[in-house]
Each structure stands twice: as C-alpha cells, then as structure tokens.
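Undergrad: What follows is a single structure, and I will ask about it in a moment.
The values are calculated or read from the model by the stated rules, or taken from the named source; none is laboratory data. Since we're looking at a predicted model, the values are computed, not measured. Note that we place each Cβ from the backbone using ideal geometry, even for glycine, and neighbour counts take in every protein chain shown. Each accessible area value is taken on the protein alone, full model and side chains, heavy atoms only, with ligands, DNA and RNA left out. Shrake-Rupley method; radii C 1.70, N 1.55, O 1.52, S 1.80 Å.
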Amino acid sequence: MFILTDEEKKELKEIAKLALYEAVLHDKRIQLDASKLPQKFKERLGAFVTLKEHGRLRGCIGRFEPDQALYEIIIDMAISASRYDNRFTPVTPEELPSIAIEISVLTPRVRVNSVDDVIVGKHGIYISYGGRNGTYLPQVATDMGWDNKEFVYSCCVEKAQIPPEHCKDAELYVYEAIVF
C-alpha cells in the first residue's frame, strides 16, 4: 500500500507550486534532480492536480496512466491545470497568490459491476461508453452531498456526456486517492 507522510505531501505540493509559478511567470517547465527526491516520488502512479481560487475550481487535470514518475506527473498536471483546462482561461500572474493547490494521488482503477459497489467518500469513479468517458475524484461526491447513484449519474450524463439511457450499459471503475 502506498502511503505518504505529511512531510512528503508538503514536498509534493511545493513541487506543484514551483511548476505552476515557473509555467505562469516564465513559460517554462521546471527540471528537478531526481537523485535528490525520495524513492516514493519516482513510483509510477496516476495523479490529479486541482487549482482553486478563493475556494472555487480554477483548473483540474490529471492522468490515470502511470507512465512517468509521480513527481513528473504532478509537474505536468500542475502546468496543464493552469493552462490547458478548457473550462477556464489560463491562470495569470496576478492570480498566483490566491491559487490553492490540491493533489490527488491515485490507486489503479478497478472495474465494478454495479453503482452499489461505489462507496461515497472513498471511491473516485471513471465511466466509459461508446468512446466517451469521464471521471470524478472521490471528494466530488462528498463536496456535492451526493449519494452513490447521483454521483455515478452525474459523471455519466454531465461529465462523460453519455445519454442517460446508456448509463446502465457503461463500464464503471472505482479508484481511491490520497488527497492533500
């Protein structure tokens, strides 16, 4: 089981902040000396980086597929959330002091057979049907006050844009996240 100490979480947040500032202020990607990082940061795990400004979502992008070291994914997702989340304009230098960063380190996805297998507050969900897909991190259901059925339905219809009549036929996966 993958566990992060409070100090490791703080260090990963600092990496995300450095990446965010370097991208917004200098249009560059930070380069870190991997030999100076904890071995845990080099494990291949998926992650999302969420940016909030005054408590409101300002950008959120992640990657499930662990095709890079965790610290590299966090750098890339911090940059992507600040510049390439198509729901928002790119973060400006003036906004940086008011941006809060949240990181979600993901466990691998596991397919489930029923919405009843989704545990609100524990599971994030990923849903796929007909070339469309969407995901919600575990904290979305809790933040919205949804039960498991509302959580899955919203992800299916609103996020993945799967027609409601096909939600029952969609593939449903759950995952967990270390959120900090």
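Undergrad: When you scan the range 126-180, how many residues do you find that are without any contact (Cβ under 8 Å) to a residue 60 or more places away in the chain, among the small types (Gly, Ala, Ser) and in a strand (DSSP E or B)?
TA: Within the range 126-180, residues that are without any contact (Cβ under 8 Å) to a residue 60 or more places away in the chain, among the small types (Gly, Ala, Ser) and in a strand (DSSP E or B) number 2.
Undergrad: Take the range 51-62 and flag every residue that is in contact with a helix residue (DSSP H, G or I) (Cβ under 7 Å, 6 or more places away or on another chain) and surrounded by 14 or more Cβ atoms within 10 Å (Cβ to Cβ).
TA: Within the range 51-62, Leu51, Glu53, Gly59, Cys60, Ile61, Gly62 meet the criteria.
Undergrad: Taking the residues in the range 63-100 that are touching a Lys or Arg at 6+ places or on another chain (Cβ under 6 Å) and open to solvent by less than 30 Å² (accessible area, probe 1.4 Å) as candidates, determine which candidate is nearest to His123 (Cα to Cα).
TA: Ile73
Undergrad: Let me ask something else about it. Out of everything in the range 104-113 that is modelled with pLDDT of 95 or more and out of contact with any Phe, Trp or Tyr (no Cβ under 6 Å at 6 or more places or on another chain), what residue ends up being farthest from Phe48 (Cα to Cα)?
TA: Val112
Undergrad: Of the residues that sit in the range 25-35 and are in contact (Cβ under 8 Å) with a residue 24 or more places away in the chain and touching a helix residue (DSSP H, G or I) at 6+ places or on another chain (Cβ under 6 Å), which one is surrounded by the most Cβ atoms within 10 Å (Cβ to Cβ)?
TA: Among them, the one singled out is Ile30.
Undergrad: If I ask for residues that are open to solvent by less than 70 Å² (accessible area, probe 1.4 Å) and within 20 Å of Glu102 (Cβ to Cβ), which ones from the range 155-173 would you list?
TA: Hit for the range 155-173 is Cys155, nothing else.
Undergrad: Just the residues that are surrounded by fewer than 17 Cβ atoms within 10 Å (Cβ to Cβ) and under 21 Å from Thr50 (Cβ atoms), please, taken from the range 130-154.
TA: Scanning the range 130-154 gives Gln139, Thr142, Asp143, Met144, Gly145, Glu150.
Undergrad: So, one more: Residues that are touching a residue at least 12 places away in the same chain (Cβ under 8 Å) and more than 23 Å from Glu22 (Cα to Cα), at least 2 per element: which strands (runs of 3 or more DSSP E) completely within the range 36-122 meet that?
TA: Once the strands (runs of 3 or more DSSP E) in the range 36-122 are filtered for at least 2 residues that are touching a residue at least 12 places away in the same chain (Cβ under 8 Å) and more than 23 Å from Glu22 (Cα to Cα), what remains is 110-112.
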